Amino acid sequence: MTFEDLGLSPEILQAVADAGYQTPTPIQEQAIPYVLMGRDVLGCAQTGTGKTASFTLPMIDILSTGRARARMPRSLIITPTRELASQIADNFEVYGKHNKLNMALLIGGVSFDEQISKLDRGVDVLIATPGRLLDHFERGRILLTDIKILVIDEADRMMDMGFMPDVERIVAVLPKIRNTLFFSATIPPEIRRVADKFLINPKEITVSPDISTAETVKQSLVVVAAEPWLKRDVLRLLITTEPVENALVFCNRKRDVDLLNKSLLKHGFNAAALHGDMTQPARLETLQAFRDGITKILVASDVAARGLDMPKVSHVFNFDVPNHAEDYVHRIGRTGRAGRAGRAHMIATPEDSVFLDAVIKFIGNEIEQIDVEGVESASMSDAPPRRGRGGYRHRQEAKGPGKGPGPRKSPRKRPVAARKSSPAPDTAPTAAPLASATAASKPNETAAPKIPAPRQKSPPKKQNTEEPVLGLGPNAPAFFLRPDRSRSS
């Protein structure tokens with residue numbers, strides 16, 4: 001099947017041919033006809049399967065007829081990250097160059113004034129992240145009552161990042177009659193619930209992802225003790241011993257990205273950081289410096305690196321084992337592209353055994369474990385037993401002296417404090433005070449109760465008979481004093 005068989009317009013077919021594409025991918029082949037028919041689509045496809053073109057091509061065809069009004073976009077695409085939004089915008093520029101469509105990109109880290117000026121001129125395609133879109137909407141800069149097509153891309157990633165409540169707020173103000181396209185890499189029950197809420201009689205399309213890693217990428221695993229400084233030492237040794245032209249280093253958390261980047265800079269490496277807390281101009285400048293070869297090592301998080309297009313990367317280092325197994329495929333997929341050879345190293349600790357097992361199960365292959373010269377390797381069997389969702393517990397079996405803790409003991413009960421109460425009638429009276437002990441010791445005499453002396457009243461204060469005027473004392477200026485009323489005026 002070719003793109004001509006999908007029912008696209010000649011202008012779009014010419015743009016696709018100019019881009020060098022001739023045969024549609026499975027997700028494009030199945031989704032484009034239903035989008036042109038106006039059906040809602042629930043697509044399950046991994047990143048890299050041509051999912052973006054499966055909705056951009058029919059959207060350009062549908063929006064080619066009509067005219068946008070000021071502050072009232074005709075279509076909306078919601079994405080979780082700025083980089084993915086920029087990549088979708090690039091696709092619209094490539095495929096829509098023969099169509100006169102206006103496009104606006106609403107992402108964080110960019111000035112509001114430039115975005116507002118584009119909205120005032122009217123846009124046909126609006127690509128936005130949830131936070132920045134809500135900022136414009138709450139300020140009254142945009143109206144969403146004319147949306148004909150809604151696209152929610154990377155819905156599973158949107159839920160992992162906590163953006164789904166914002167997406168639900170956005171969808172609640174959209175027209176009920178619209179064409180909704182919902183794409184996600186996986187469809188767990190939570191995503192299914194949200195999809196059933198947004199879609200009306202959708203056509204479900206599932207494309208089995210190719211989870212096998214590229215044969216041009218040689219993978220390796222290094223297992224060390226759970227010490228941050230030791231992992232940094234191993235990373236520096238791998239960078240110096242490998243023929244690294246340029247490399248991507250992935251961390252799970254943003255603060256680890258900054259710490260690792262500072263460590264590499266301290267040891268003389270040409271490195272830069274890329275994470276979600278950076279402003280958009282700084283992120284674009286960092287990416288461009290890495291593409292131009294000015295920066296050799298780029299330390300990034302999964303969120304910031306989502307949707308990056310970097311064809312020439314010699315090495316990928318997984319400083320942390322990814323929490324989601326599919327992220328491992330996305331990470332190492334940055335190297336070994338276009339038939340080039342690539343290397344992917346992963347540094348793990350015994351505590352990462354659960355996540356490492358998930359990665360191996362996901363890719364269906366074992367990862368070769370290697371030793372680094374001068375660094376003592378560890379074993380995954382050294383991991384302590386896990387306790388539920390997080391943390392570790394002590395071993396329950398009894399151990400000999402000097403071999404760790406024994407069986408856990410039940411917690412000691414804290415003593416209950418005695419309540420203060422008056423003594424019962426049949427109980428002995430408490431000891432009398434020292435002052436009354438002498439009187440009570442004499443026979444035939446009883447101690448008279450001590451009557452307190454009457455409290456003397458303080459003498460009354462002398463009242464000021466003069467009528468205060470404006471709250472001023474007797475030393476007030478003459479022009480403030482009230483004239484004597486006894487005199488005749």
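The values are calculated or read from the model by the stated rules, or taken from the named source; none is laboratory data. The structure presented is a predicted model; accordingly, all values stated were derived computationally and were not measured. In this analysis, Cβ positions are derived from the backbone assuming ideal geometry, glycine residues included, and neighbour counts consider all displayed protein chains. Only protein heavy atoms, including side chains, enter the accessible area calculation; ligands, DNA and RNA are left aside. Shrake-Rupley method; radii C 1.70, N 1.55, O 1.52, S 1.80 Å.
Just a few scattered comments:
- Within-10-Å neighbourhood charge of I147 [Cβ basis; K, R +1; D, E -1]: +2
- Measuring against 22 Å, Cα to Cα, the residue pairs K266/K312; K100/K176; K51/K203; K51/K176; K218/K266 contain K266/K312; K100/K176; K51/K176; K218/K266 as the ones spanning a longer distance.
- Segment 99-160 - charge dipole about Cα centre, Lys and Arg +1 at Cβ, Asp and Glu -1, debye rounded to 20: 260 debye
- M37-E245 FRET efficiency (beta carbon distance; Förster radius 45 Å; 0.05 resolution): 0.40
- Label-to-label distance, nm, for residues given as E11 and E351 (7 Å Cα→Cβ offset): 5.7 nm
- In plain terms, the chain from F362 to T186 could stretch by 62.1 nm, reckoned as 0.36 nm per residue minus the Cα-Cα distance.
- Take the Cβ atoms of N201 and S117, set R0 to 41 Å, and the FRET efficiency comes out at 0.55.
- Karplus-derived 3J(HN,Hα) values for segment 66-83, using 6.51 cos²θ - 1.76 cosθ + 1.60 with θ = phi - 60°, are x, 9, 8, 9, 4, 6, 10, x, 9, 8, 9, 10, 10, 10, x, 10, 5, 5 Hz; glycine and proline are entered as x.
- Positive-end extreme of charge dipole, segment 51-167 - chosen from S117, I152, V94 (charges on Cβ): S117
- Residues whose placed amide H lies under 5 Å from that of G43, excluding near-sequence neighbours: F182, F183, S184, I205
- Gyration tensor verdict on segment 29-115 (Cα atoms; rounded if a/c is under 1.5, prolate if a/b is larger than b/c, oblate otherwise): oblate
- Förster radius 22 Å - calculated FRET efficiency between E138 and K176, Cβ distance, rounded to 0.05: 0.55
- Sum of side-chain charges, G268 neighbourhood, beta-carbon under 13 Å (Lys, Arg +1; Asp, Glu -1): +4
- Extending 7 Å from the Cα toward the beta-carbon at both E4 and S64 defines two label points whose distance is 1.6 nm.
- Whole-Å distance, taken between Cα centres, linking segment 120-192 and segment 240-264: 34 Å
- Percent accessible area from carbon and sulfur atoms, segment 39-142, protein chains only, probe 1.4 Å: 45 percent
- Debye-formula intensities of segment 98-256, expressed as log10 I(q)/I(0) at q = 0.09, 0.13, 0.19, 0.20 Å⁻¹, are -0.51, -0.87, -1.22, -1.30 (one equal scatterer per alpha-carbon, no solvent).
- The distance between label points at T145 and D371 comes to 7.3 nm (points 7 Å beyond Cα on the Cα→Cβ vector).
- Probing with 1.4 Å while keeping every protein chain in the model, the per residue accessible area of segment 1-138 equals 41 Å².
- Between L106 and I127, A128, T129, the built amide H atoms are under 5 Å apart, and every one of these is 5 or more places off in sequence or on another chain.
- From phi via Karplus (6.51, -1.76, 1.60), per-residue ³J(HN,Hα) for segment 313-328 in Hz, x at Gly/Pro: 10, 7, 9, 10, 10, 8, 5, 10, 5, x, 6, 10, 4, 5, 5, 5
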